[in-house]
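The values are calculated or read from the model by the stated rules, or taken from the named source; none is laboratory data. Keep in mind the model is a prediction, meaning the values are calculated, not measured. Backbone-built Cβ (ideal geometry, glycine too); neighbour counts: all protein chains shown.
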Amino acid sequence: MSTEMKKNSQIFQDSNNTYYPEDELQVSEVVKELYKKNQPTELIGTGTKNFIGNKIQSAKKLSLAKLSGIVEYLPEELYIKVKANTPLELVEKELEKNNQELAFEPIDFGFIQSGKSNKGTIAGYLACNYAGSRRFKAGSVRDHILGFRGVNGKGDIIKSGGTVVKNVTGYDLSKLVAGSFGTLVALTEITLKVLPKKKLSNTITIHTEDKELINELFEKISSSSSEISGAVFIPEEPEDENYDRNKEKVFKFNDLESKGSFLALRIEGDKISINEKIKALTNELTLDKLNSTILDVHQSTPFWTKINNLELFKATKNNLLRVVIPPSMGNKLMQYLGNKYKYCIDWCGSLYWIEVQAKKNIKVGEIKKLIKEMGGYLTIIKISNEFDYEETIFTVDDIRLLISEKIKKSFDPKRIFNPGKMYRGI
Amino acid sequence: MSELVLPKINKETISKKEYIFKNLAKIINPENVLSHADEIKPYETDALAAYTQTPLAVVMPKNTQEVSNILKFCHAEDIKVVPRGAGTGLSGGALPLNDAILLSLGKFNKIIEIDFENKCVVTQPGVTNLGITHAVQHKNFYYAPDPSSQLACSIGGNVAENSGGVHSLKYGTTTNNILGVEIVMMDGTICRIGGKTLDQEGYDLMGLICGSEGLLGVITEVTVKILKNPQVVKAALIGFPTIEEGGNAATEIISSGIVPAGMEIMDKALIEATDNFSKAGYPRDAELLLIVELDGTESEVDELLKQVRSICEKNNCSSLKLSKNEKERLSFWAGRKAAFPACGALAPDYYCMDGSIPRGKLAEALLEIKRLSEKYELPVANCFHAGDGNLHPLIMFDGSDKEELRKTEEFGAEILKTCVRLGGVITGEHGVGIEKRELMCEMFNDNDIQQQLDIKKSLDEKNLLNPGKVYPILRKCAEEGRVHVHRNEEKFPDLPRF
């Protein structure tokens, strides 16, 4: 090691074996040193989504928190380039000034973890690739990444993509990095696609317990040309002291009946087009025959914020599962869940958030088996302290695991970054 | 055309070719192994017809297991393999090699399942892009990405190239519109990725495969997302007296918060050429023509068209026509879709470029291309996917004049370098293939390219699958290749190209 490197590593490193590089070059220097010494390292941003995934046994930590700030925002070009660990809130505030937004609708994981907002950084959102309610219409986080810069496990600075939307120059590594939980690259800079914000939103709610009707409605909503941008179902909570019954408290709105299960769908646009869409949907969904109400913009906006904050599962002590299935399996899964579990359905019937009480850990395995049979996947997002059951956090088959191992090696041959965070051996 | 450098020929493969044919004929029906010179002639090139190579043999497997068995055999015997869909690619991605098997997916031509409930279609890769829309349009659904060659190009090829089209600004490219793929790795491993669910967990292998130009695996099945037709679609045809004003109007439309379903630009040369060709009724006095298409509900579309009108008037448009019905809307597009063949009628040869730039640099790019056209004394016609900054300048020249050919190549390379300088990229939708291979280092440094090569190596350690494509062989920025069309003898002259 050169004298200069020694000096630098002392500057970056604190007593908890955590490095705090200030720029990309320093990240590269630190990683080169870690690579040389073969030291497994946990990558951390602000730690808001750190609870997702396996616990990491690592000698060192690499904090990327200092790589923060907006590099370039060109509203007319519909992109924003930021240092990787720029807080989401800062980005949202900046976009708001130009009536723009991140169309994938980021989830605020702070609520399930600690009961209050804690959005974290752009790199964290990219690392998890979990999109909010607008996903089925607007795409996931990965669909909104135009390019990135970062440091691979050997310490080499690499980049992929760019700032333009049409780009087929080389492999699309942005996609690979999305959802890789920091196991491939220490991100230093991210370019995101941004889109104009819709002027207003209204929400139609339909009160019903009828599972077949709910799935029928989801089917009709996804077939509609009214560009519906959110469709959720919130069932009545089970009468079980192990679940926090907070539905009525969370979804307290003037025009929403507090009791009973309900489906809600969001329409966006200007006033005239919203009215036009409501008219079309009244016909398509036969709303006149159903118990339905409309939440105006003042209720609609906070309603969807609460959905995307996962406030229904606020600070839960239970296990929280994130399940994605083909929507046609909805009836079967709802039958299985019955009123034994606390859950909600998002993405127009594709995404289920399911709470499994701490004492029934064994059920997690049973649900996972069912979901795999349905052609879906399951992630244990939050694990209860009492979890004593042997189960993998993520869903993967043997062949994909093998290919994933090879890809991991191509980025990070010595498994320096977040070893075991996703799968054993990766 | 500059001399093409291809991977070193494996003489051992050539010397054991009878053994190879015999074994391939054991793996699949011998009728589907073509090795006679006459039989393999049609496969010597794709739509980048300037380059031709004779493959060792052409194999046409019928199912995934056969693909796997072929690859397993080739892997064990160190035989190179070049996959091929419909062969409509413009960057030479399916160019055969003398010592490689050409693996045609032509027999994978069936739709496996139409699933309206899950809004998807499961299909074999040889089905055409438009074939998917045709299969679902009776229920008012369609498949969104619409590359200009959609009548002939295969969905497997679309995945390999991450094809775009006119509507990709609002609806995304192939990578945003597929749910699952089945691929066979070079060692014969069959891997299913995704399915009928949104997103997938773990490394996004589908995102990696999409746009990997046949270097990482052979696509044997694709699940695509289908969308409901929009309620209303209308278009506007707008003429401008100067390039700057038209370019600025296009930029302003986007920055005002409008997301058009499609937005196209043509310059004077193309307005005249296409109007002569297709009688589209374009404003022939205009220096620049803008076509803006909007979709949504009736009132939404009308309101947006009002805004588009006001922006264009502010930028001194000389004419503005709104489509009154579907027939008129399609007539607006007719000339645009005839742009490439129209160019072919103007000069013996043309080169088609494909770069992307930031939208705000449209006027600057057009003026720079005009300047270069004067510098090289070669006429150029421009069409742009203005909504997403994807430009297709067409340089007209006479290929029989060697000096003119050299100048054209230089001109083309300068355009692509201009794209990179303006913050853009060297290919927006045609792919790198062999065509822009040596220009990769305009965008990427050694580290960037090495990381991509490491991925390739991890999945195909012997470098047998489509070698010599995408990544520079010489690792120097040679200035070669664009789409060269001689006397309109393009491989698919009838296909609209835009």
Scanning region B:362-406 for residues that are surrounded by fewer than 22 Cβ atoms within 10 Å (Cβ to Cβ) and within 14 Å of chain A (Cβ to nearest Cβ), which turns out modelled with the lowest pLDDT? B:Ala363
Across region B:112-145, which residue is surrounded by the most Cβ atoms within 10 Å (Cβ to Cβ) among those that are charged (D, E, K, R) and within 19 Å of A:Ser225 (Cα to Cα)? B:Lys119
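Table: residues versus (1) under 24 Å from the mean Cα position of the chain (by Cα); (2) part of a helix (DSSP H, G or I); (3) outside the structural domain of B:Leu90 (by TED's automatic domain parsing).
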| position | (1), (2), (3) |
| --- | --- |
| B:Lys327 | no, yes, yes |
| B:Leu330 | yes, yes, yes |
| B:Ala347 | yes, no, yes |
| B:Tyr351 | yes, no, yes |
| B:Gly360 | yes, yes, yes |
| B:Leu367 | no, yes, yes |
| B:Arg371 | no, yes, yes |
| B:Glu374 | no, yes, yes |
| B:Leu378 | no, no, yes |
For A:Lys198, are the conditions met, namely being facing chain B (nearest Cβ under 10 Å) and in contact (Cβ under 8 Å) with a residue 60 or more places away in the chain? yes
Would region B:410-426 turn up any residue that is in a loop (DSSP other than H, G, I, E, B), touching a residue at least 40 places away in the same chain (Cβ under 8 Å) and acidic (Asp, Glu)? no
Can you find even one residue in region B:176-183 that is facing chain A (nearest Cβ under 8 Å) and of a type outside the set (A, V, I, L, M)? yes
Taking region A:66-97 as the search range and keeping residues that are crowded, with 17+ Cβ neighbours inside 10 Å and part of a loop (DSSP other than H, G, I, E, B), which one is nearest to the other protein chains (Cβ to nearest Cβ)? A:Leu78
Scanning region A:225-242 residue by residue, those crowded, with 18+ Cβ neighbours inside 10 Å and either under 25 Å from the mean Cα position of the chain (by Cα) or charged (D, E, K, R) (or both) turn out to be A:Glu227, A:Ile228, A:Ser229, A:Gly230, A:Ala231, A:Val232, A:Phe233, A:Ile234, A:Pro235, A:Glu237
Going by the structure shown, is A:Leu310 at positive phi and either at pLDDT 95 or above or of a type in the set (Val, Ile, Thr) (or both)? yes
Any chance A:Leu146 is touching a Lys or Arg at 6+ places or on another chain (Cβ under 6 Å), of a type in the set (A, V, I, L, M, F, W, C), over 16 Å from B:Tyr203 (Cα atoms) and not in a helix (DSSP H, G or I): yes
A:Ile190 - would you say it is crowded, with 24+ Cβ neighbours inside 10 Å, more than 10 Å from chain B (Cβ to nearest Cβ) and more than 16 Å from the chain's Cα centre (by Cα)? yes
Out of the residues in region B:196-214 that are more than 7 Å from chain A (Cβ to nearest Cβ) and touching a residue at least 60 places away in the same chain (Cβ under 8 Å), which is surrounded by the fewest Cβ atoms within 10 Å (Cβ to Cβ)? B:Glu213
Quick check on B:Gly355: is it buried (at least 23 other Cβ atoms within 10 Å of the Cβ), modelled with pLDDT under 95 and not hydrophobic (A, V, I, L, M, F, W, C)? yes
If you go through region B:428-443 one residue at a time, do you hit one that is within 24 Å of B:Ala160 (Cα to Cα), among the β-branched types (Val, Ile, Thr) and not assigned by TED's automatic domain parsing to the domain that holds B:His167? yes
Those residues of region A:130-152 which are without any contact (Cβ under 8 Å) to a residue 40 or more places away in the chain and touching a strand residue (DSSP E or B) at 6+ places or on another chain (Cβ under 6 Å) amount to A:Ser140, A:Val141
Output the qualifying pairs, or none if there are none: Cβ atoms under 7 angstrom, residues six or more apart or on different chains, first residue in region A:153-164 and within 9 Å of chain B (Cβ to nearest Cβ), second residue part of a loop (DSSP other than H, G, I, E, B) and of a type in the set (A, V, I, L, M, F, W, C). A:Val164/B:Ile357
Could you tell me whether A:Val168 is within 24 Å of B:Ile426 (Cα to Cα) and surrounded by 23 or more Cβ atoms within 10 Å (Cβ to Cβ)? yes
For region A:250-288, the count of residues that are in contact (Cβ under 8 Å) with a residue 40 or more places away in the chain, within 13 Å of another protein chain (Cβ to nearest Cβ) and out of contact with any strand residue (DSSP E or B) (no Cβ under 8 Å at 6 or more places or on another chain) equals 2
Please tell me if B:Asp302 is acidic (Asp, Glu) and touching a helix residue (DSSP H, G or I) at 6+ places or on another chain (Cβ under 7 Å). no
Show me the helices (runs of 4 or more DSSP H) found entirely inside region B:238-319 where at least 2 residues are at pLDDT 90 or above, within 14 Å of chain A (Cβ to nearest Cβ) and out of contact with any Ser or Thr (no Cβ under 8 Å at 6 or more places or on another chain). B:243-255, B:298-314
Does A:Asn118 satisfy the condition of being surrounded by 23 or more Cβ atoms within 10 Å (Cβ to Cβ), touching a residue at least 12 places away in the same chain (Cβ under 8 Å), part of a loop (DSSP other than H, G, I, E, B) and not aliphatic (A, V, I, L, M)? no
Qualifying position, being more than 21 Å from B:Ser149 (Cβ to Cβ) and free of Cβ contacts under 8 Å to residues at least 24 places away in the same chain, among B:Pro61, B:Pro55, B:Pro30: B:Pro30
